[in-house]
Amino acid sequence: MKDKISNEQIKSLDKVWHKLLLSLQRTSENLWKDRLAGISTVEISILSIIEKKPDIILKEINEILGIPGSTLTSAIDRLEKRRLLRRVISTRDRRSFGLELTENGKLTQVEHRKSEEILWEKVLNSYSTNGERSELIRMLQILADSLNENEKEGDNDAK
């Protein structure tokens, strides 16, 4: 049985959450320079997905991200305009467009991974021991799993 959540806990979490988000945003802005300047988190997610799964089609990206088709199309258009990706006829399904990273897109992903590594090192460096770091990761995994499960339940409730 779970303990009851108090209003004080909610207020405390709200305060620390917003402080954390602001700190992460500032740190990211300092790290996201050069090729990453002006790229949204959705656009970075799209580049990462394409890098991991070459010849992915738009429908699959939409399923992974769970965003409206118009949002995805707009993001793809912006990335294509910046010459970070290109639309190609899918080799798996010739009726669909696939996406592939350009050389500039691949270099942007290299910069993105380096920036994330620096960011996560700063986050983990906030803790003194490997045990504390492992506990942070464990607790964040519980949070992510719970939020994802609640989202899935909400999707099922809407049907």
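Nothing in this text is a laboratory measurement; each read-out follows from the coordinates by a stated rule. None of these values were measured; they are calculated from a predicted model. FYI the Cβ positions are ideal-geometry reconstructions off the backbone, even for glycines, and counts take in every protein chain you see.
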For Asp93, Asp14, order by how many other beta-carbon atoms lie within 10 Å, fewest first:
Asp14, Asp93
Which is farthest toward the positive dipole end of segment 34-159 among Ile50, Pro68, Ser115, measuring Cα position about the Cα centre, with Cβ charges +1 (Lys, Arg) and -1 (Asp, Glu)?
Ile50
Classify segment 1-74 from the C-alpha gyration tensor, please: rounded if a/c falls under 1.5, else prolate or oblate depending on whether a/b exceeds b/c.
oblate
Connecting C-alpha atoms closer than 10 Å in a GNM of the chain, tell me which of Gln141, Gln25, Gln109 has the biggest fluctuation.
Gln141
Would you compute, from DSSP H runs of 4+ residues alone, the mean residue ellipticity of the chain at 222 nm, taking -39500 (n - 2.57) per run and dividing by the full residue count, rounded to the nearest 500?
-23000 deg cm²/dmol
Separation of the Arg94 and Leu65 label points, Cα + 7 Å toward Cβ, nm:
2.8
With a ≥ b ≥ c the root eigenvalues of the C-alpha gyration tensor of segment 39-122, is it rounded (a/c under 1.5), prolate (a/b larger than b/c) or oblate?
prolate
What are the trypsin sites (Lys or Arg not before Pro) within segment 65-156 that DSSP puts in a loop, where the Cβ has at most 13 other Cβ atoms within 10 Å?
Arg83, Arg92, Arg94, Arg95
Nearby lysines by direct alpha-carbon distance to Lys4 (threshold 24 angstrom, same-chain neighbours under 8 apart not counted):
Lys15, Lys152
Which of Leu143, Leu36, Leu22 fluctuates most in a GNM of the chain (C-alpha springs under 10 Å)? That residue is Leu143
Of the listed values (i) 1.10; (ii) 1.03; (iii) 0.94, identify the label whose number matches Rg/Rh (Cα atoms, Kirkwood Rh) calculated from this model.
(ii)
Please tell me which of these pairs span more than 22 angstrom C-alpha to C-alpha: Lys52/Lys122; Lys52/Lys106; Lys33/Lys53; Lys33/Lys106; Lys33/Lys81; Lys53/Lys114?
Lys52/Lys122; Lys33/Lys53
Potential lengthening between Ser40 and Ile137 on full extension [0.36 nm per residue; Cα-Cα distance subtracted]:
32.5 nm
